[in-house]
Amino acid sequence: MIKVRTDEPEYARLESAPAADKNVYGNDIDLIAASTVPAGESLYINADSGVGDSANRNKQHGFHFTADNCIGCHACEAACSEKNDLPPHISFRSVGYVEGGTYPNLVRMNLSMACNHCDDPVCLRGCPTNAYTKHAAYGAVLQDPDTCFGCGYCTWVCPYNAPQLDPVEGHVQKCNMCVDRLEVGLKPACVSACVGNALDFGVIENIPENRQQVQTSIPGFPDPEISRPNIRFQQTRSMPREFTRPDSAPIKYHRNDETGTYVSVADLKSSKVRGQSEWNLAELSSKENPLVFFTLVSQAVIGAFAIAFIGAYLGMESLDTIIHSKIATPFVMCLAFLQALVLFVSAQHLGKPLRFYRGFNNLRFSPLSREAFALSVFFGFLAAVALLLLLNYGFFGFIDEGAGVLLLPLLSWELVDSGIQIIAILATLCGVIGVYYMHMIYRIKARPFWNHWQVLTSFFGSMLSVGAILIGLLCLPLALLTNVNVSMLAVELIPFVIVGLGAELAGHIFHARDLQRGGGEGAASLHILKTKFGKTYQTRNVLLCVWLAISIFSLFYSELLMTHGRQLLPVLVLVATGILVTAGVSRALFYVIVIPTTMPGGLFWKNKGFEQHARESGLAKMPQVGVVEFGH
């Protein structure tokens, strides 16, 4: 255990005051009963097996921040970085601020924030590798960088910027409450270093000396109901009705006069967002491009497989011909190749790709783990179907039809067909479950733009529309070499395209309406969508309507399509290509627009706008700037 200096000041020592039974959320402050970790268990921080003897060791502790006292000196940041030996681009504790009032009564309120070691840690539930632990000792939420594989999902779900993804090391790190100091009776390093006596620490709900408030919120602080954080505030000075942020987020905080609390609203007049409708196509590209590719192609592969096999078993003529002919083998093999490709791309998106197998560690809580498991099982079934088809139908003459039966005389064609049907149903079920949990990944309270049922209609809509188009694109060159009726195939696929496009378009309409009504970060995201990407957004909406109208027209005039299918083939390919491009643009917008409910930053520190400028201008090459290029 660390050594305590003989001249350690009293303000740096942890108090042993009596604790209350319940916190403001109604949860027990004593954590022994709810913990799976035995009392007296070591935290093993820095490989130290020592155990402290504090009477309140198993009580929930937390920070207390007095906004009136904070002078914005960043001493807490410096002490934290020094204690944890952090690089310039990582900071477990950050000091941001909000501004309000008018001249000459301008007000700036600083806000120092680290991990709040929440009662309901969303990082713990979201992490697919199970790298997080809510420990009984002090209620600390601990994270193991060695277990983490660098997906960064915890940085999405946390509303306080607590988990820090290090692009250089490829994993996440965060504040550990300085539990090694707590074990020897000392407060965290940031508290001990605070110049203005703004930070304090102790058993949650205990009011520090010379303090009178233990509020759960403050201007600039996200809704505490997201994760029930263990931090309390005091702010007694008279404050203006509105605050704005100095960073690039077009958000301001407006006081509700009835409750006295501040809520986030979209700052539509902010100079940080442009008022004119623009294209900005280059900015559709982001570090999440692999996820754009992964989600769209996975949904398309699942949709194509489900439509082809379920449609064949329901008696759709052209689909039945495809599944029960030599086309089936290369068709399913192409799907398996595409799914293998996107699984590989998604693994390469991780900070530590070779640890991809750890993504199944948290099936109990994490939607990301459940999605990864469902898609992996789907891929296994897909490969099995491809193998059985190869045994049954061969591969376009390179392997004779039924050659597999000669190698495996115990098998019969009827048995293989039955096996294909059973596995196809199981594969479809796993694929649909995978798409559902893929949508659940983005239902994040800290990201209102994503937290809407529109994500479900968008993902399943793409599964149907893009999946049907994928069947056409893969089977078209194969069908020309066989007796598959291309016109009939197009007619049978059009209803799936209509349902998919219709679901996506309806979702976008209700999504925009609900975001506008909801306000806050969701409305701010919508405002950027209508201004910075306005022309792209409007074009996307118009094209969705156009593609839907063409598809409905084609269905009503299917006889024309049946009669002149070969002549209309270039038009069908053009429309299909247009739908694919529209889907790609729509998915790219989905990732670049979202504004999280995170803590306010400064002009340069924790400012997404400045970070982007630093990467584009080359400032990121200077370590002291605190910005680095993304490593994954």
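Throughout, read-outs are computed from the coordinates displayed, never taken from laboratory work. A quick note: this is a predicted structure, and the numbers were derived from the prediction, not measured. Quick reminder, even Gly has a Cβ in these numbers, built from the backbone with ideal geometry, and neighbours come from all protein chains shown.
Numerical summary
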quantity: Overall Cα dimensions of region 238-347 - principal axes, largest extent first, Å; calculated: 77, 34, 30
quantity: Residue 82-residue 425 FRET efficiency (beta carbon distance; Förster radius 60 Å; 0.05 resolution); calculated: 0.50
quantity: Whichever aspartates and glutamates have a C-alpha closer than 15 Å to that of residue 252, once near sequence neighbours (fewer than 8 apart) are set aside; calculated: 99, 223, 242, 267, 521
quantity: Counting all C-alpha pairs of region 1-117, share separated by more than 17 Å (%); calculated: 73
quantity: Radius of gyration and Dmax over the Cα atoms of region 105-173, both given in Å; calculated: 13.9, 50
quantity: Dimensions (Å) - the chain, Cα atoms, principal axes, largest first; calculated: 89, 60, 46
quantity: Mean residue ellipticity (222 nm) of the chain, computed from DSSP H runs ≥ 4 via -39,500 (n - 2.57), nearest 500; calculated: -14500 deg cm²/dmol
quantity: Calculated FRET efficiency for the pair residue 348/residue 257, C-beta based, R₀ 41 Å, to 0.05; calculated: 0.20
quantity: Dipole in debye (nearest 20) - the chain, about Cα centre, beta carbon charges: Lys, Arg +1; Asp, Glu -1; calculated: 1240
quantity: Three-way shape call for region 1-63 based on the alpha-carbon gyration tensor, with the a/c threshold at 1.5; calculated: oblate
quantity: Ordering of 485-493, 333-341, 152-160 by burial proxy (mean other Cβ atoms within 10 Å per residue, highest first); calculated: 152-160, 485-493, 333-341
quantity: Separation in nanometres of the label points that stand 7 Å from Cα toward Cβ, at residue 535 and residue 569; calculated: 3.7
quantity: Crossing angle, helix 289-313 versus the chain [Cα axis fit, 0-90 degrees, rounded to tens]; calculated: 40
quantity: Where a label projected 7 Å from the Cα of residue 443 along Cα→Cβ would reach, residues of region 366-394 with amide N under 19 Å; calculated: 366-375
quantity: Dipole axis of the chain (+1 Lys, Arg; -1 Asp, Glu on Cβ), positive-most option in 9, 123, 552; calculated: 552
quantity: Extension gain from residue 499 to residue 41, taking 0.36 nm per residue of separation minus the Cα-Cα distance; calculated: 159.3 nm
quantity: Rounded to 5, the percent of DSSP beta bridges in the chain classed as antiparallel; calculated: 90
quantity: Relative contact order (%) - criterion: Cα under 8 Å, at least six apart; region: the chain; calculated: 18
quantity: Residue 418-residue 553 pseudo-label distance in nm [points 7 Å out on the Cα-to-Cβ vector]; calculated: 5.0
quantity: Spacing of the two label points (7 Å from each Cα toward its C-beta) at residue 48 and residue 8, in nm; calculated: 0.9
quantity: For region 252-315: rounded, prolate or oblate by the Cα gyration tensor [a/c cutoff 1.5]; calculated: prolate
quantity: Cβ-derived FRET efficiency at R0 22 Å, residue 313 paired with residue 562, nearest 0.05; calculated: 0.40
quantity: Rg over Rh, two decimals, region 122-248 (C-alpha only, Kirkwood Rh); calculated: 0.98
quantity: Farthest toward positive dipole pole in region 281-593 [+1 Lys/Arg, -1 Asp/Glu at C-beta], among 534, 342, 581; calculated: 534
quantity: 15 Å beta-carbon shell around residue 67, net charge (K/R +1, D/E -1); calculated: +2
quantity: Radius, Kirkwood style, for region 281-593 when every pair of distinct Cα atoms is counted (Å); calculated: 20.6
